[in-house]
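The values are calculated or read from the model by the stated rules, or taken from the named source; none is laboratory data. Just so we're clear, the structure is a prediction, and the values are computed from it rather than from any experiment. So basically every Cβ, Gly included, is an ideal-geometry build from the backbone, and we count neighbours across all protein chains shown. Heavy atoms of the whole protein, side chains included, go into the accessibility calculation; ligands, DNA and RNA do not. Shrake-Rupley method; radii C 1.70, N 1.55, O 1.52, S 1.80 Å.
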Amino acid sequence: ILEKIREEIKAAEFIPILEKAFENGKILLVLDGLDEVPQNLRGLVRQAVGALVQLHKIERVIITSRSRSYTGQAVFQNFQPHTIAPFDGKKIAKFARAWYNEQCRLGHMNTEQAEKRAHDLASASSTSDLIEMSSNPMMLTSIAIIHQKDIGLPRERVRLYHLIVDVLISRWQKHKTGEENFTPSQALTAFLKDDDRLRYALQILAYEAHSASYKTENKNKKTTDADLSRGEALMLLEKPEYLGSAELASEFLDYVDQRSGLLVGKGGELERPTSYSFPHRTIQEYLAGCYLVSRRNRGRKFFKHAAEGDFWSLAALMGAEELFYNHPSTRDALLDLTYHLCPDVFPQTEQAERALLWSGQIACVIGNEIIERDTDNPSGGKAYLERLIPHTLNLLESKFLSPRERAEAGDTLAKLGDPRFDEIHWHLPKESLLGFIHIPAGEFLMGTKEEDVKGLIEKFGGDKDFYKNETPQHKPYLSEYYMARYPVTVAQFKEFINDSKYEPTNKDSLLGVLNHPVSYVTWYDTMKYCEWMTQKLKSIAPNSKPKNGMEEKFWRGIESGSLIATLPSEAEWEKAAHGDKDSRVFPWGDDFNLDKVNGNMVIGDTSPVGCFPQGRSPYELQDMSGNVWEWTRSLHKPYEYNPKDGRENLKADQSVARVLRGGSYYNGVRSLRCAFRCWYDP
C-alpha cells in the first residue's frame, strides 16, 4: 500500500501521516472490491487483513464485496454484514450534486453549470420510468455517464435504455488488473467486442427470462421475477446464431457472473451459478421487446403474447419504439406490424382486442403524418387509420380489457384524434345537444337514511361520524335541467383559455391529456368557463336545426337566456348521479366494482372520460364517480338541502367552502358513493 502511494499516487509526503495513523489505530480503513480478488486468494486476503487489524488495533474497517461473492473463505468473522439499501429521491439528488461538483472541480464546467446539470440529472433520474433503475448506485452511475456525455438524457426511453446497456456491456469488455482467473479466452474476448452478437444473445436471454416470469406469475397469481436456469441458458447460447458452442456459452455465463450489473448469476457454487436473472425488470422488458421485433415473424409473436394478459404490453411497446427510434431504416417493417395487429372487423376476443390496443399505441409512436404518407399497402395508410380509430373507440366498452388498458385506449384516441368530440364546437361531444342530457323535473331521494348507516359501516368501513354529514335522507323537488355527459375535459378548458385570454389560477390545468377531465382548477375558474360557454352556445343557437321537441326546447332556452351553462347544485349533481327511482349507493348500483370506476388507485391517475361505461348513471352520464372531484355551485351547509337558505349564493365570501362531489382516482370506496359530501376552499 505504501509503495503504491509513493510511486503511483505520488504522495510520498502523506506516508508519515498514514504510518502514524496505522500505529495508533486511528484510521478508517476501507478495502474495496473483495469480490475482485481471485477466489483462490480470498482466504489469504482475509488472513492478511485480519492480521493487519489486530497488529495495528484498527477500530474501523469497511470491506466491500458483491453479496454473491461474500461466501466461504471470503467471510470475515466478527464483522457485521450490511446490504446497501436502494437510493431514494434525496440520495439520488445528493449523488447528482456530488457527480457534477467533481466535474466542476476538474475544471470541466463552472459552479452555475454544475448546479443546473445536477438538478437536471436528479429530476430526470427520479421519474417513474427511471426510479427503479436509478435507486441502484451502479445503474445511477451509468445514467450519470450518459447524462454527462450527452448533456442530458434522451427524451425517448428506448434511446436511454440502449445507452445504458452499452455502458453496462462496456464493463464486461474491460479487464482489471489482478483478474487473471477472470480473463476471457480469445474466442470470448472476440465475442464480447462484437456488440451486435452480444446484444442479440442478451435479447434472447431476456426474452426467455420474461417468458419464464410470465409462467411463474400465472402459476402463483402474483408478480415475480423468475430465473433462467443454467441449463436453459446454455441450450440457447450454444446455438450457431449466438455463441456457437457449449464450451464458449459456459465460459460466457461464468464470466458474466463475475462482472455483474446486467445479468446476474444466482445459487450454486460461487463461480458456477445454477440460474440467471436480469435484476432490473425494465431492462429485461426492453431487451425482450428488442428480441420480439427482431424476428421475421414479429406479427405472429406479438399476437401470440397478446393472449397472455397485459404482461407483455410494455415489452411489446418498447420493442416497437426500438425499431422507430433506434433503427429508423426498419420503419416499413414497423408499419406492417401495426397493420397486421388491426383487423378489418372489430375483434371479438381478449387476445385480438389487446393486439388492436397495441396497434393503436404503436401508431401513436409512428404518428398520423407518417402513416398517411404510406401508399404502398392497400390496407395501410389512411385506410388503416379509418378502421383503427373507431375500433379503438370500441375498446372503451371492452368487457375483456382491464380498466388500465381501457384508459390506455382512451389515451391513444387523444393522440390520434378522439372522434367523440367536435373541434369546431369547442371540443364538446358530437351530439345533437353537444353532450347535454335532459334530467326531468321531480322529487328524488337525497342523502343517506340514518338507519342504513350501520350497514354502510359494515360494508364499507368508517364510523357514524363519517356518514353524519349526509343524513338525514330527504326528498327535494328539482325543476328540469340538463347535465353534461362527461366532466369538462382538458381540450375544452384549453379552448376556453385560448379564446377568452383568461388567466387560469394554475397553469398545470393546461398540461393534462386532452380527453382527460381538467384538474387543478379553482371554483372561480370553473364559473368563468361556464360564463364563456353560455355565450358560445348562445352564438350558435339561432342556427341550430332541432329534430324534435326536446332539441327545440333546449336551443330556444339557450337563445332566450332561460337556460345558461353553470355548475350543478349539489342536489342536481346527486340526482344526476343515481337517478330518481332509488337511492342507490353508486351510479351503477349498490355493489362496489373497480371495473366500473376509476377510484381506489386502480389506475393511479386520471383517465380519459368515458373509460368506465359500465359505471354510467341511469341518465347515461359518465365518470360521476371517481376520476376527479367535481365542483358544485353550492356552499357547504348541513342537510336537509334547502336552496332558499343561502347555500346557492354565488357571491358568497371566498372563505366559505363549496361542495365537491364524486370522489377521485385516489379515493377509497366510501368517498366514491353518490351521497358522499366533501367541501373545500373555492
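Close Cβ contacts (under 6 Å, 6 or more residues apart or on different chains) running from residues in segment 111-137 that are more than 13 Å from LEU160 (Cβ to Cβ) to residues that are open to solvent by less than 60 Å² (accessible area, probe 1.4 Å) and among the small types (Gly, Ala, Ser) comprise ALA118/ALA96; ALA122/ALA93; ALA122/ALA96; SER126/GLY89. Flag: ALA383 does not match the condition of being closer than 30 Å to ALA565 by Cα, out of contact with any helix residue (DSSP H, G or I) (no Cβ under 7 Å at 6 or more places or on another chain) and not in a loop (DSSP other than H, G, I, E, B). With at pLDDT 95 or above and touching a Leu at 6+ places or on another chain (Cβ under 6 Å) as the only criterion, which of THR330, THR392 stands out? The unique qualifying residue is THR392.
Return yes when GLY231 is loosely packed, with under 12 Cβ neighbours inside 10 Å and either at pLDDT below 95 or in a helix (DSSP H, G or I) (or both) and no when it is not.
Numbers: loosely packed, with under 12 Cβ neighbours inside 10 Å: yes; either at pLDDT below 95 or in a helix (DSSP H, G or I) (or both): yes.
Yes; evaluated as a whole, the condition is true for this residue.
Residue check: GLU451 meets all listed conditions (1) open to solvent by 20 Å² or more (accessible area, probe 1.4 Å); (2) part of a loop (DSSP other than H, G, I, E, B); (3) not polar (S, T, N, Q) but one, namely (2). Being open to solvent by 30 Å² or more (accessible area, probe 1.4 Å) and touching a helix residue (DSSP H, G or I) at 6+ places or on another chain (Cβ under 7 Å) is a description that applies to ASN377.
Checked against the criterion of being within 18 Å of TRP679 (Cα to Cα) and open to solvent by 50 Å² or more (accessible area, probe 1.4 Å), the candidates ASN600, ASN642, ASN627, ASN593 yield just one match: ASN642.
LYS116 versus (1) open to solvent by less than 100 Å² (accessible area, probe 1.4 Å); (2) under 35 Å from the mean Cα position of the chain (by Cα): which is the lone unmet condition? LYS116 satisfies all of (1) open to solvent by less than 100 Å² (accessible area, probe 1.4 Å); (2) under 35 Å from the mean Cα position of the chain (by Cα) except (1).
None of GLU443, GLU480 is surrounded by fewer than 16 Cβ atoms within 10 Å (Cβ to Cβ), touching a His at 6+ places or on another chain (Cβ under 8 Å) and modelled with pLDDT of 95 or more except GLU480. Pairs linking a residue in segment 447-460 that is within 20 Å of ASN593 (Cα to Cα) and modelled with pLDDT under 95 to a residue that is open to solvent by 40 Å² or more (accessible area, probe 1.4 Å) and not acidic (Asp, Glu), with Cβ atoms under 7 Å and 6 or more positions apart or on different chains, are PHE460/ARG670.
Considered as a group, the residues in segment 337-374 that are crowded, with 16+ Cβ neighbours inside 10 Å and charged (D, E, K, R) include one that is farthest from the chain's Cα centre (by Cα), and that residue is ASP374. Counting the residues of segment 520-542 that are surrounded by fewer than 20 Cβ atoms within 10 Å (Cβ to Cβ) and under 31 Å from the mean Cα position of the chain (by Cα) gives 2. Cβ contacts < 6 Å: first residue touching a residue at least 24 places away in the same chain (Cβ under 8 Å) and assigned to a loop (DSSP other than H, G, I, E, B), restricted to segment 504-529; second residue open to solvent by 60 Å² or more (accessible area, probe 1.4 Å) and of a type outside the set (A, V, I, L, M), any location; separation 6+ or different chain. Result? Note: pairs meeting the criteria are THR522/THR505.
To keep it simple, each residue is scored yes or no on (1) assigned to a loop (DSSP other than H, G, I, E, B); (2) of a type in the set (Gly, Ala, Ser); (3) modelled with pLDDT of 95 or more; (4) open to solvent by 30 Å² or more (accessible area, probe 1.4 Å).
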{"residue": "VAL609", "(1), (2), (3), (4)": "yes, no, yes, no"}
{"residue": "PRO638", "(1), (2), (3), (4)": "yes, no, no, yes"}
{"residue": "ARG647", "(1), (2), (3), (4)": "yes, no, yes, no"}
{"residue": "GLN654", "(1), (2), (3), (4)": "yes, no, no, yes"}
{"residue": "TRP679", "(1), (2), (3), (4)": "no, no, yes, yes"}
